[in-house]
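The values are calculated or read from the model by the stated rules, or taken from the named source; none is laboratory data. Source: prediction; values computed, not measured. Cβ sites come from the backbone with ideal geometry, for glycine too, and all protein chains shown count toward neighbours. Areas reflect the complete protein model, heavy atoms only, side chains present, ligands, DNA and RNA absent. Shrake-Rupley method; radii C 1.70, N 1.55, O 1.52, S 1.80 Å.
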Amino acid sequence: MSFVQAAAELGNQYRDDRVLRSHLQRCLPAPMRDSIAPELDELGAHAALAWQRERGRSACEPQLTPWDSQGNRIDRIELTPAWIESRGLAARLGLVAAGHEDTYAQHGRTHQFALVYLHHVASAFFTCPLAMTDGAATCIKAAANTELLARAWPRWLSRDPEQFWISGQWMTETPGGSDVGNSETEARQDATGQWRLYGRKWFTSAVQADTALALARPAGAGPGAESLSLFYLEPRDAQGRWQGVQINRLKPKLGTRELPSAETELVGIAGTPVNGIGHGVRSIAPMLNVTRSWNAVCAIATLRRALALARDYATRRRAFGKLLAEQPLHQATLADLQADFEAAFQLTFEVVGLLGRAQHDQASDDERLLLRLLTPLAKLWTGKLAVAITSEAIECFGGAGYIEDSGLPQLLRDAQVLPIWEGTTNVLSLDVLRVLRQPAALDSWRRALDRLLDAVGAAELKNAAAAVRTQAMSLPTAIAALAAEPARLEAAAREIALALARHFAAALLLRQGDWSLRHEGDPRTAAAARRFIGRSRAAMLDRYDDAALLVLER
Ligand code: MFK
């Protein structure tokens, strides 16, 4: 019989993840760690089981039935088994609730996002509506809307699967995916004073959600983002019938195919203003920042999964007389990817930690500003890494990784959404410039970076810390030099954002490496930090002149 290659295997994804476990060890009080460990272990085991179960299955997608046999418009959507399972699991383990409950005070967000990180890949993107639900809860709390806090908040945060509601975020329209200020959906008050929404929403993720937040322009209001308003919707009645919404079709997407994203027509759906009338973009901003944190967590979960598979496969696949894991070039390739993952993990969980502190009024003004800056940085950098690293992981399997039932192509297709939704890399880079317009923002970044680097004690990390300082400290001056020329500053926004993200992540990885050497006697994180920093360079901002136009000339 001819040779058959053993496939990659996944073990319990919590037990196998030293990066997560070491981070929790450093950040959380011991009694809390002990108390949450069983849930993390459960999700780690579930992740491995789901991988065994789903791999190789033919595509399983939600189905839309627009009409019933009598010709009634019903727009019934059948969800996939993974989605139905995830809904119960998410409620029971509190994947939204844990971020808002007071049980672990400022550590609640770390608890929640450790769960999300372990569950994301197995959830078949049920994390998408969970992110939006968390965002909706955050928005309504920020708006202090007592009516909605009484009605929706207990449902969104319920741990009872029967009571649990998920929420959507209906923003995107044909004239404005990024430029939301172009939205055409109109809100009109009927004779009873009830607001009703009319218009086409072009990309409504998780359309089957129990509630949604939507932007609409009140009739007669002027153009632009400022005159949009934010409305709370309940799209279906108690029997599950759509109320003032038609589903035109489910989107045929590159990936995230279990997620029912739809093109919808709003035909008079009742809406409740979330934060009065007007300033809709500002009102939905708390939601955007929360969902962007989710995006970063789900991106690093994707990285971790791609690497777990590639590293396992390297211990099974033999070529040219040796295992891949024994070959210097393959080792170097995997080690670079692992170092990138560890840096991205540190940046993302720093955002998570700061979010928890801010939510529990433990964060200084400096830390709040840092959180505002690090959120788009984490989102944009990890989104890009998710695509690059899943692509590299496929290459680590050679042709076998290119085959659908290895499970890897789906990982890559799904990863491609992460740099797009919740703001593309460029839109997020412009958001970073929006934050940097506050001069204190760059000062907060620099002070925090200094503190992290000053605290590195291990002799073997001193050179790496000095390298980060040299590269990072030239950045504020280079940005200031560009500030006088807005077009050049904007052209450089992505490079600025990636440099801010990478240097800060390097300093965070040094902190973790230093801690792990001292407290765990473990040199692996320190080695990853040196490797990550060894490949980094200072940003090259002086290359952003008007030559782009020349290069693009036809
Ligand atoms: C598994 C992972 C989970 C992820 C779930 C994803 C599922 C969701 C699917 C989707 O719905 S994807 C669609 C998401 N769409 C976007 O993310 C929109 C992208 N566009 C932007 O982010 C634009 O920057 C934005 C529309 C927010 C603003 O553009 P504008 O119209 O140029 O706004 P402007 O005038 O700069 O800002 C308006 C106000 O909002 C300002 O406040 P003031 O009125 O007080 O001056 C801004 O400071 C504020 N603002 C904007 N972005 C903010 C913000 N405030 C806080 N945080 C932010 N991020």
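General remarks:
- Average accessible surface area per residue within the chain, 1.4 Å rolling probe, Å²: 42
- Size of electric dipole in the range 436-551: Cβ of Lys, Arg +1 and of Asp, Glu -1, about Cα centre, debye, nearest 20: 320
- Distance from the range 101-140 to the range 201-235 (C-alpha centre basis), Å: 23
- Carbon-plus-sulfur accessible fraction, the range 167-277 (probe radius 1.4 Å, protein heavy atoms only): 46%.
- Apportionment of accessible area to carbon and sulfur, the range 374-421, percent (1.4 Å): 59
- Principal semi-axes in Å for the range 105-209 [√(5λ), Cα gyration tensor, largest first]: 28, 19, 13
- Here the accessible area of the range 436-551 is 56 percent carbon and sulfur, with a 1.4 angstrom probe and all protein chains present.
- Two-site FRET efficiency, A487 against R318, from Cβ-Cβ distance with R₀ of 60 Å, rounded to 0.05: 0.65
- Using a Förster distance of 35 Å, the FRET efficiency for Y402-K462 (Cβ separation, nearest 0.05): 0.20
- Of the cross-linked pairs K141/K201; K251/K379; K141/K251; K322/K379; K379/K462; K201/K379, those separated by over 27 Å at the C-alpha level are K141/K251; K322/K379; K379/K462.
- Other residues whose C-beta falls under 15 angstrom from the C-beta of R518 contribute a net charge of 0, scoring Lys and Arg +1 and Asp and Glu -1.
- Shown in residue order for the range 99-104 are the 3J(HN,Hα) couplings computed by the Karplus curve 6.51 cos²θ - 1.76 cosθ + 1.60 at θ = phi - 60°: x, 10, 6, 8, 3, 10 Hz (x for Gly and Pro).
- Amide H contacts of D75 (H built 1.01 Å from N, under 5 Å, at least 5 apart or other chain): W67
- Annotation: peptides 39-46, 92-99, ranked by per-residue average of other Cβ atoms within 10 Å with the highest first, follow the order 92-99, 39-46.
- Checking every one of the trypsin sites (Lys or Arg not before Pro) in the range 436-498 against DSSP loop status and a limit of 15 other Cβ atoms within 10 Å picks out R437.
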